[in-house]
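For reference, the structure is listed below as structure tokens.
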Amino acid sequence: MNLLRSACLLILLSALWAFPAAAEHATPQPPHIFRDRVEPHWFANAQGETNRFWYRVELPQGRREFILVDAGRGDRRPAFDPERLAKVLGAKTERPVDPQSLPVESLKFDPAMRTMGFSASGKRWQLDLETYTLIPAPTGDALESRLTATRTPRPSLNTGAETEITFENRLAETVAIFWNDPDGKRISYGRMAAGESRSQHTFAGHVWLVCSGNGDVIAVFEAVPNSSTAIVDGAGNAEPPRHNGGTRRRRGTQSPDGKWEATVRDDNLFLREIKTGREHALTQDANPTNTYTREAETPAPEVYWSPDSSRLVALRRQPGAQRRVYLVESSPDDQLQPKLQSYAYLKPGDAVPILKPHLFEVADKKEIPVNDALFTNPWAVSDVRWDADSSRFTFLFNQRGHQALGILSVDAQSGKVQAVVNEESKTFIDYSGKFFAEYLDDTGEIIWMSERDGWNHLYLYNAKTGVVKNQITRGEWVVRHVDRVDREQRQIWFQAGGILPGQDPYHIHFCRINFDGTGLTILTAGNGMHATQYSPDRRFLIDTWSRVDAPPVSELRRTEDGKLVCQLETADAREVSAQGWQFPEPFVAKGRDGVTDIYGVIWRPRNFDPPKKYPVIEDIYAGPQDSFAPKSFHATSQQQTLADRGFIVVQLDGMGTANRSKKFHDVCWKNLADSGFPDRILWIKAAAANYPGLDLTRVGIYGTSAGGQNALRGLLDHGDFYKAGVADSGCHDNRMDKIWWNEQWLGWPVDENYTRSSNVVDAHKLRGKLLLMVGELDKNVDPASTMQVVNALIKADKDFELLDMPGAGHGVARTPYGARRLQEFFVRTLLESPRK
């Protein structure tokens, strides 16, 4: 069995495994949703305007429709007459053709809409759309088998006949090829050098991604039944990846004028005249603990030259701690004896590598001192860039402890340091989730993201003076992501949360605004979570939105004003309903302050009986880096599968998680043990008051990673409410976990707040039934964190269950065995045990 077939089988099994039930509780095959997505294939009309597209609709029993849309006229209609095409195609191929299941792929219309090319029965055909005369397509048509490139990744939802794609890399860079599996996970299939061509076995309907070296999606291709070609040339029906920054950033050891090269010897920095080979020492005081080498394995400097080659900036590095985590693989596949594994892993409080910029003048071969008073304790120094006139350079400074972040400038003549952007917070700056800086070199401006007014918004800076010219976005809503900066039109295209009153504030809407803060245009409208695809000229967008309780709707809208052009598709979920699947229900209740709305979701069993009482299980993840309760429609989920065993499952985002106000988020600061429980318990009680079927005498909780830490914390601090919990792969003591995540929320230096959040320290407080899960090869969270909880529980004489899974990594509960054990644990402890 080849690699792709193996991967397909594993993914299929994974889909069926999601909380697998015992045989007597076997879950039916997941139902299908139809008309749930639109994949447009745009093409130009006779005037060269790209305002038409076609798409294919998959229907039950293998039926399909082909739709043609004229966006300029707002016209949606069948792309052709399926009865007439089936008749002529059957005559040509001498076999019957079902007009409702046409074996047609890869449509291509001429600009005047007189002919249509397509693939069928392994051949390429050309159809006269007036007479329905069908002839073989002219040979030599370079596009006859070319796949349409898009830039919107999506899972491989269909698996059809075996086929083949020939990838041709026409870019001047190496690209990476990935298969996007049914879960949207990228499976690597290697790299392709510039100019390389390669054939790849696949299946019709499978989605392939072509990515740049830094992971940006260059093109997305969907395989068709006949062999086809995927041309990688940068073309595609979406906005190209945005590279944060301007044009003045130059990194490299050689000077722009080609006369000099910066080198390192014995940790010191040298200048070498390229023409003569003569070297000049720029420093003499460096050593292995304060060096100009980029890193131990790369004995070269990190250098940024001024555009006029008169000066250079070199980053001097103090190496950090060399901590490693060691794991014992007890049961390797290739030998009897265990194996020892190790990997680099800094933890909170460890010494981090420190980089600082040093400025040198080429003519006199001397250093210009740069006072580091404004960046004495860096977590990171990055994004070094020179102004076009070589008068200064700037860099991004992130202070350790994450309470200061900004852009500093250094005068090229004097070395004087000034703050251009200075962001400070008494709690934390969410640099890992809410950072955006766009340098507008031609106009001397910077677009900067900040929560300084209590909400995540954008600001326009004068890049020279550091003065805020104006706040671009404002209001009691948040910018979730910047999609595009249009420098010519001076507009920003972005995603927003909470911008439409009356909707769930986590719903993402797409918007546009002018640099000066005028002209705010909301491009999407439906009450749900939105995803968009733009026409090549960005005059139109396809907006697909849904909620957990509302299947997807796809609409065509104008980007000029967001007005609806026409409705394209409304998902057909009848098969879901026919199988008795219960749609999850959004639910809102007040949080701990009695004012703030807390949003969550409720899942009920397929055979839900309203008068009956059901145990309640909370799926928890309170990591401050994001929000986690689902907002989009999915016909299947692990929560639903668990609910079908006889539970009501809930998930919500309490205070301390992201994507609301700064005040909402700040609850987590030095307070991870809180985990939003005061909001969660009130929310569940409010749901029970509204729906008497929730039995609050039998409440369970489970989670993975930070969610594993949260689940155990629920039993430690709130054992009167939660009676049973599964803590999987938990970071139970934040001093044991990865440095960046924990210092982001608990700060630096390490203090008593780390101790107050430790499940190890508080293990003696355990109440209720506990199942701990851990993978012996977890390289995300040190598995010793779980074993230290085990040690503390034993010392406290507490009963618990432990699943230490050989060979498993992070997330044991997501394996088939772990999922079964989790499910059966709750059946034993909440369903079968007597009520108390």
Item checked: Proximal lysine pairs, segment 368-477, alpha carbons under 24 Å, eight or more residues apart or interchain -> 5
Next item on the list: Quote the FRET efficiency, to the nearest 0.05, computed for Asp442 versus Ala46 with a Förster distance R0 of 25 Å and r equal to the Cβ-Cβ distance.
Entry: 0.10
Item checked: Over the chain: helical MRE at 222 nm, DSSP H runs n ≥ 4 each giving -39500 (n - 2.57), nearest 500 -> -3500 deg cm²/dmol
Notebook entry, point to check: Which value, in debye to the nearest 20, gives the size of the charge dipole of the chain about its Cα centre, when Lys and Arg are +1 and Asp and Glu are -1 at the Cβ?
Noted result: 700
Item checked: Rounded FRET efficiency, nearest 0.05, which uses the C-beta distance separating Glu476 from Lys612 and R0 of 45 Å -> 0.65
Next item on the list: Return a whole-number percent for the relative contact order of the chain, with Cα pairs under 8 Å and 6 or more residues apart as the contact set.
Entry: 9
Next item on the list: Rank Asn527, Ser554, Gly517 by how far each Cα sits towards the positive end of the charge dipole of segment 504-577 (+1 on Lys, Arg Cβ; -1 on Asp, Glu Cβ) and give me just the farthest.
Entry: Gly517
Next item on the list: Run through all the Cα pairs of segment 678-836 and give the fraction in each 5 Å bin from 0, expressed as whole percent.
Entry: 2, 9, 18, 21, 20, 15, 9, 5, 1, 0
Next item on the list: State, to one decimal in nm, how far the label point of Cys566 lies from the label point of Ala419, with both points 7 Å from Cα in the Cβ direction.
Entry: 5.6
Next item on the list: Equivalent ellipsoid semi-axes for segment 85-211, as square roots of 5 times the alpha carbon gyration tensor eigenvalues: give them largest first, rounded to whole Å.
Entry: 31, 18, 13
Next item on the list: Take the Cα coordinates of segment 34-131, assign each an equal point scatterer, and use the Debye formula without solvent to give log10 I(q)/I(0) at q = 0.19 Å⁻¹.
Entry: -0.96
Note to self: On a straight-distance basis, which aspartates and glutamates could pair with Lys798 in a cross-link, Cα separation under 20 angstrom, same-chain partners fewer than 8 positions away excluded?
What the structure shows: Asp717, Asp720, Asp728, Asp733, Asp762
Notebook entry, point to check: Bin by bin, in steps of 5 Å, what percent of the Cα pairs in segment 70-123 do you find, going until the bin that has the longest distance?
Noted result: 4, 16, 27, 25, 14, 8, 4, 1
Notebook entry, point to check: Stretch Glu168-Glu83 to full length: gain in nm at 0.36 nm per residue minus the Cα-Cα span?
Noted result: 26.9 nm
Checklist line | Residue among Ser106, Ala149, Ala44 farthest towards the positive dipole end of segment 43-185, charges placed on Cβ | finding: Ala44
Next item on the list: Please name which of Pro584, Pro611, Ile684 has its Cα lying farthest along the dipole of segment 583-710 towards the positive end, using unit charges on Cβ (Lys, Arg +1; Asp, Glu -1) and the Cα centre as origin.
Entry: Pro611
Checklist line | Charge dipole magnitude, Cβ of K and R +1, D and E -1 - segment 144-200, Cα centre, debye nearest 20 | finding: 240
Notebook entry, point to check: Given 0.36 nm per residue, what is the gain on full extension from Gln337 to Asp285 after removing their alpha carbon distance, in nm?
Noted result: 13.8 nm
Next item on the list: Rounded to the nearest 0.05, what FRET efficiency do Ala363 and Asp751 give with R0 = 60 Å and r taken as the Cβ-Cβ distance? Could you check?
Entry: 0.75
Check: Can you pull the percent of Cα pairs in the chain with separation above 44 Å?
Finding: 38
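The numbers here are math on the coordinates, done by the rules we state, and not lab data. No experiment lies behind these values; they were computed from the predicted model shown. Cβ coordinates were reconstructed from backbone atoms using ideal geometry, including for glycine residues, and neighbour counts include every protein chain displayed.
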